[in-house]
1. Would you say A:S54 is facing another protein chain (nearest Cβ under 10 Å), surrounded by fewer than 24 Cβ atoms within 10 Å (Cβ to Cβ) and touching a residue at least 24 places away in the same chain (Cβ under 8 Å)?
2. I'd like to check which strands (runs of 3 or more DSSP E) are fully inside the stretch B:413-531 and have at least 1 residues that are touching an Asp or Glu at 6+ places or on another chain (Cβ under 9 Å) and either crowded, with 16+ Cβ neighbours inside 10 Å or in the same structural domain as B:Q48 (by TED's automatic domain parsing) (or both).
3. Return the only residue of B:T357, B:T340 being closer than 30 Å to B:T256 by Cβ, away from chain A (no Cβ under 14 Å) and not charged (D, E, K, R).
4. Somewhere in the stretch A:105-113, is a residue under 14 Å from A:F140 (Cβ atoms) and crowded, with 24+ Cβ neighbours inside 10 Å?
5. Among the residues of the stretch B:379-397, how many are in contact (Cβ under 8 Å) with a residue 24 or more places away in the chain and out of contact with any strand residue (DSSP E or B) (no Cβ under 8 Å at 6 or more places or on another chain)?
6. In the list B:T389, B:T340, which residue meets the criterion of being touching a Phe, Trp or Tyr at 6+ places or on another chain (Cβ under 6 Å) and outside any helix (DSSP H, G or I)?
7. For the structure I just gave you, tell me whether B:G578 is more than 11 Å from chain A (Cβ to nearest Cβ), part of a loop (DSSP other than H, G, I, E, B) and surrounded by fewer than 14 Cβ atoms within 10 Å (Cβ to Cβ).
8. Just to be sure I understand, how many residues within the stretch B:384-408 are at pLDDT 95 or above and surrounded by 13 or more Cβ atoms within 10 Å (Cβ to Cβ)?
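The values are calculated or read from the model by the stated rules, or taken from the named source; none is laboratory data. It should be emphasised that the depicted structure is a prediction, and the values quoted were computed from it without experimental measurement. Note that we place each Cβ from the backbone using ideal geometry, even for glycine, and neighbour counts take in every protein chain shown.
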Amino acid sequence: MENTLRCDPYNLIITGVGGQGNVLASRVVGDMMIHQGYRVTIGETFGASQRGGSVMSHLRISARNGFSPQMPEGKAHMVVALEPMEAIRVLAVYGNPKVKVLCNTRPIQSVGVICGDQIYPELKQIIQWIESLSEDVRFFDTTKEALNLGSPIFGNIMAVGALSATGDLPMSLKVFEKVISKKIPAGKVETNLKAYQIGKGLV
Amino acid sequence: MSSILLETKTDSEALLMGNDAISRGALEAGVNVITGYPGTPSSEIVEQLAKVAGDCNLYVEWSVNEKVALEVAAAGSYAGLKSMCVMKQVGVNVAADSLLHIAEYGTRGALVLVSCEDPGALSSTNEGDSRPYAKMMEFPLLEPGDFQEAKDMAKWAFELSENLCNIVMLRSVTRLSHASGNVIMGELPQSDPEAVFEFNGTPMDQMKGPILAFPTLVDPLRRRQQEKLSKAEAAFEESVFNTYTGPEKPELLIITSSVCQLYTKEALSILDLQDRVGLLKLGTTWPLPPKLLGKYLGVCDKIFIVEEGTPFLEDNIKAMAAEKAKQVGIKTFFGRKDGTLPPVNELNPDILIEGITSILEIPFQSVSDGYKAKAKEIAAVGAPVRELTFCPGCPHRASFWLIRSALKLDNRSGFLCGDIGCYSLGAGPCGFSTIKILQAMGSGMGMASGFGKLDQFGMSQPVMAVCGDSTFFHAVLPALVNAVHNQSDMILVVLDNSGTAMTGFQPHPGSPAGATGMKLPMLDIEKLCCAIDIRVEVSDPFDLQSTREILLDLLEDSGNPRVLILKQPCALSPIKKGSKMYEMSIDVNLCLADRCGCNKLCTRVFKCPGLMWDTLKGKVQIDEVLCAGCGVCANVCPTGAINAERVR
């Protein structure tokens, strides 16, 4: 197998809020890598944290061996954020001056914000913060694009499409199609392929 | 879509979740009977096996609770079948009484107990560690260290159980059960088992006698049990799941088990210490293999014990080192007890790095102080903690809204005892902090039964308890019977959302189908309550007005136990998902905002995530992405500014 990873292990974090399809996105990327002979470990937080809480998947991709399902501090190469505030939360622990970020700009307000106990920062400010904590960052509104496709849930697959466009990982549409076809009902494959392509176009 | 458990060919590789790896291992061992009670992080094992029950001729059951689940699985074993029982750490406590007796007698067909535990209490109300049961009740314990081992050791657990004729426990943790990694598949056997329970032999004939735990039999049974444990010990000396990597004479020996081995390996690789530190990974953690440990305890004087949970390995290895002091010399131990590792909470590679660098006095920095400080500073203002909350359209929000307002109107300092499920969040802001006691499955009802009897000591506060429909059957029913028999003055509110919602809609005895989807008779909670002569009311929590009236009436009707069943399916339930009952909209002319006396009642107090406060307009807004269309907020707004238009 030809190792085309930018780093080995390649450390990817996909983050968002419970209900955004974080787990499926990480599985799809993981399966795409396994399909090409890589070793993958995915560490996921779900359970109680699904109920409106922050969720995060750690993907460790290597041509050599399996790694810890919990990534060590400061070791992320790429953060894919389905929600902007979650990008900051992840960068505070796993970020480093070289980290890259792909970030959906559509906020999901927490209960604390809804009831007025907390303030959701201005998007402009969030963008500035993320820029100051990363080497390279791309922002896009996948939620808007996903709503055009019929449901906000497609935002996760769009983010996977966007990740494929960075060229950091060997991700082809063909492999994506193979993997997604096994994960979802046949009737939904086409929309997911569309979502992937739209995401790819966002970067 | 087919099952991941069957689609991958023998010898080929797949990305498997730890729980799926355990399920596949059980299939490769030829499992026949699988039982369990749902609980994070264990639930996927039974769920996945239920999906292939038809293809693989399995009997799969979600049992009413863990004790019954273990008994049903034991019946399989006693009839000569390979059986597995799956639960989370707390379930082992529920099953413990039967577990003690099953372990004392032993098994016929293989019997494997899988306990998936939750260090760090990511989805639990505790950090329970079930490993001491293996020592206390004298049966073997296995702890897989990665995904391949989860499959391979699950399979081996069946062989071991069959060879020893005793129950074997396989312990997983969240970071293995819910994480995923590469697994190479083994072969799936063909078998055609026949179930027979033999009982014509003598009581000590393990395979053909009656299974009796008589006082006079305890002595020979325990002797036989300990012989089995010695056989396990001998097998563990040779086990391929106990491995050593590192130099012959290391400066430090790390002894570890479970997923901690991955943390340790990563820490050693980051610190580039593989040539200086030895790593003994134990897959078999009870009984400990004395020869193997004797050999490795001798390689150096500093021993660092790394494990998830209580200092189980640490204490037992220290005891073994004391026994072998003449052979191995005096050791300095590091671990949870001396503060090298935190005494509580789950571990990770960073904690390991900190421990190792402190023992070996090595400097280490992951990222520059400047970056770290900046990132922490930004996160403190930029990423406030997301409190957990009920989903948009969750019936529990309406139920707690009603209970809280009823107790307030009643004005006698009434309180609510909680229970385990999504509705445990009723203790937090999203449930208006209504729950005042929250502990174990069924314990809210048991405690309410107790509080309701304290009037002779002057207690006059109204007492209420809540439980979910699954919890009702699991452990609430005996406590309710207790309250009825002892005439305790309390109200039980059953939050019936049609399934075990928290863990992903597993069925329970009140469901129309079982684990495999087969149609089964539904037990009716209302009829059960009527049968034990208790006043029972049924209402829809989304109907705020009539439910409030019923609640107030129940509060008045004191002296006996009363039950209110609040029926409304979970917002995420398969019957509801995606379809809205109402289309919600805001009449901006009616929302008086800051001029209204309500002071943003909808977003400040009711705070459904489907509502947003538009700070620019100073009006409430519906979040079209999140709103589930339950219609409840329309009845919360005092000015009627929130409209609900029926769509189905």
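1. Working: facing another protein chain (nearest Cβ under 10 Å): yes; surrounded by fewer than 24 Cβ atoms within 10 Å (Cβ to Cβ): yes; touching a residue at least 24 places away in the same chain (Cβ under 8 Å): yes.
It is true that A:S54 is facing another protein chain (nearest Cβ under 10 Å), surrounded by fewer than 24 Cβ atoms within 10 Å (Cβ to Cβ) and touching a residue at least 24 places away in the same chain (Cβ under 8 Å).
2. Working: elements: B:415-417, B:435-437, B:463-468, B:491-496.
Correct list: B:435-437, B:463-468, B:491-496.
3. Values: B:T357 fails: away from chain A (no Cβ under 14 Å).
Of the residues listed, the single one that is closer than 30 Å to B:T256 by Cβ, away from chain A (no Cβ under 14 Å) and not charged (D, E, K, R) is B:T340.
4. Scanning the stretch A:105-113, I find no residue that is under 14 Å from A:F140 (Cβ atoms) and crowded, with 24+ Cβ neighbours inside 10 Å, so the answer is no.
5. Pass one, the stretch B:379-397, residues in contact (Cβ under 8 Å) with a residue 24 or more places away in the chain: B:387-397.
When the remaining residues are screened for being out of contact with any strand residue (DSSP E or B) (no Cβ under 8 Å at 6 or more places or on another chain), the result is B:387-394, B:397.
So the count comes out to 9.
6. On the way: B:T389 fails: touching a Phe, Trp or Tyr at 6+ places or on another chain (Cβ under 6 Å).
After ruling out the rest, the residue left standing is B:T340.
7. Numbers: more than 11 Å from chain A (Cβ to nearest Cβ): no; part of a loop (DSSP other than H, G, I, E, B): yes; surrounded by fewer than 14 Cβ atoms within 10 Å (Cβ to Cβ): yes.
So B:G578 does not fit the description; no.
8. If we filter the stretch B:384-408 for residues that are at pLDDT 95 or above, which is where we start, we get B:395-408.
From what is left, the residues that are surrounded by 13 or more Cβ atoms within 10 Å (Cβ to Cβ) are B:395-407.
Final tally of qualifying residues: 13.
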